[in-house]
Each structure stands twice: as structure tokens, then as C-alpha cells.
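Have a look at the structure below before the remarks.
The values are calculated or read from the model by the stated rules, or taken from the named source; none is laboratory data. Given the structure is predicted, the values throughout are model-derived calculations rather than measurements. Here the Cβ is made from the backbone with ideal geometry for all residues, glycine too, and neighbour counts use every protein chain on show. Note: accessible area is taken over every heavy atom of the protein model, side chains too, but ligands, DNA and RNA are not part of it. Shrake-Rupley method; radii C 1.70, N 1.55, O 1.52, S 1.80 Å.
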Amino acid sequence: VTDLSVTASIANIPVDVLRVGYVQVESPTDAVGCRALWPDPLPPQDGAFPVKAGENQPFWVRVKPSKGTPPGVYRGTLAVVADGVRSEVPFAVEVFAFELPDRMTCETAFGVGWGTVWGYHGLKTPEQRRIVAEKYLRALSDHHLSPYDPSPCAHWSVKWKDVKKNPLTATPEFDWKDWDAAMEKAFNEYHFTGFRLGLSGLGGGDWES
């Protein structure tokens, strides 16, 4: 077992080194799959970790120039350290003379079960949920994915005036304050392209129901 660490750097350009992780697939979903280790997660490479002799360990190097970076070829170094031995590999990245827009040109609708997220992370308080939700929303935005619900911690509410007197003539009074603020951030900062609004009490389901 060898302790391996990998770092990468380019002057004035953010660089992330991600370790390619594997998932043991026990039940293939189609004829193309098989029971084996499949590459899927990309956890950040942070510090040394053990690698068995004779095994390959891929890495994903992500370079994301900031807006306003002048065009040109930028050269950096990938450093690999194992058992105290350091090896450096040069690499280069070309920045072109254009910027990708913040606005997502492809509309998406990505299902995120926020209840599952809260349970997975063991979150108990609204503040904990807000902090973790921000990280999820930022990651979705970075990858141009719009979630069904981009405001999991801020909701609108409604009260029905005079509903006890006559339900048929009662009027709704909406409170949009928290929801409006969250949705403004969803569209102006995260640049999501859509959302799904659930209305309590209305019917729902797939086409069969």
C-alpha cells in the first residue's frame, strides 16, 4: 500500500484535482453493464490516500478560468508524491477569447429529493439544512442543472380569509416574501431555467392517475 497525493496549479487560474472513485455494481441494469467496479464519484483529492500495488488510480483535473482571464496558453504543473518521492508533470491549458454566458441555454428539470438529502446528511436544524442546500444548489448551477425546487428552505404560505363563514367565497392571502427572495437568487445568481410549484390540496400524479 502506497500513500499517494496529487496536486496541480496554474498561475492565476483555479485548478481542482478530483479523484476518480469506484462503485461496486452488484445488479447490472442492462445488457451493457456487468458486476464490477464502475467509475462514478469524483471526490476532491485532499491529502494522501492509500493505493494498492499494481492498481491504476485515475484523476480528473478540472481547470476553470475566471471571467476576464486574458486569452492564451497557460502552463502549470501536476505534482505526484508517493512514499516521499515527488514527480512533476507539466501541462498546459489554452484560454480562448470568449466567455460562456451565465444563462443556461439548455432548459433542464432535475429531481432532487430534499428530504432524502436532509436524512443522508443527518441534518436536524433549519440552519444546517440551509447551509447544505446552498452547496447543492451551487453544484447544480455549476453543472447547468435546474432542480424542481430551487428554494427548499424558503416557502410561500397562504391563509384563507373568512373560510369558516363561507368556504366558497373565502379569499386567499398569500405571503410570498421568503419564497420571492429565494427564487430571485435561484434565477439571478444560480441562473436556473425553471421550477415546479406544488399546490397543496390539488390533485397530482402521472398520466394514468
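Only residues that are in contact with a Gly (Cβ under 6 Å, 6 or more places away or on another chain) and among the acidic types (D, E) were counted across region 39-68, and they come to 0.
Of note, D83 satisfies the criterion of being on the phi > 0 side of the Ramachandran plot and open to solvent by 60 Å² or more (accessible area, probe 1.4 Å). Selection of first residues in region 100-125 that are in a loop (DSSP other than H, G, I, E, B) and of second residues that are of a type in the set (V, I, T), restricted to Cβ pairs under 7 Å at least 6 apart or on distinct chains, gives the following pairs, ordered by first then second residue: M104/T193; E107/T193; T108/T193; L123/V132.
Can E173 be described as exposed (fewer than 12 other Cβ atoms within 10 Å of the Cβ) and modelled with pLDDT under 95? So E173 fits the description; yes.
Listed by first and then second residue, the pairs linking a residue in region 66-86 that is over 30 Å from P101 (Cα atoms) and at pLDDT 90 or above to a residue that is loosely packed, with under 14 Cβ neighbours inside 10 Å and basic (K, R), with Cβ atoms under 8 Å apart and 6 or more places separating them unless they lie on different chains, are A79/R86; V80/R86.
In region 47-64, the residues that are farther than 15 Å from A79 by Cα form no Cβ pair under 6 Å with any partner that is of a type outside the set (V, I, T) and loosely packed, with under 10 Cβ neighbours inside 10 Å, whether six or more places apart or across chains. Number of residues in region 27-37 that are open to solvent by 100 Å² or more (accessible area, probe 1.4 Å) and either part of a strand (DSSP E or B) or in contact with a Lys or Arg (Cβ under 7 Å, 6 or more places away or on another chain) (or both) equals 1.
A single entry from T69, T77 fulfils the requirement of being in a strand (DSSP E or B), within 28 Å of the chain's Cα centre (by Cα), surrounded by 10 or more Cβ atoms within 10 Å (Cβ to Cβ) and not aliphatic (A, V, I, L, M): T77.
Checked against (1) open to solvent by less than 50 Å² (accessible area, probe 1.4 Å); (2) of a type in the set (A, V, I, L, M); (3) in a loop (DSSP other than H, G, I, E, B); (4) over 17 Å from L197 (Cβ atoms), L145 passes all but condition (1).
Take the residues of region 42-58 that are of a type in the set (A, V, I, L, M, F, W, C) and open to solvent by less than 60 Å² (accessible area, probe 1.4 Å): which is nearest to V17 (Cα to Cα)? Filtering region 42-58 for residues that are of a type in the set (A, V, I, L, M, F, W, C) and open to solvent by less than 60 Å² (accessible area, probe 1.4 Å), the one nearest to V17 (Cα to Cα) comes out as F49.
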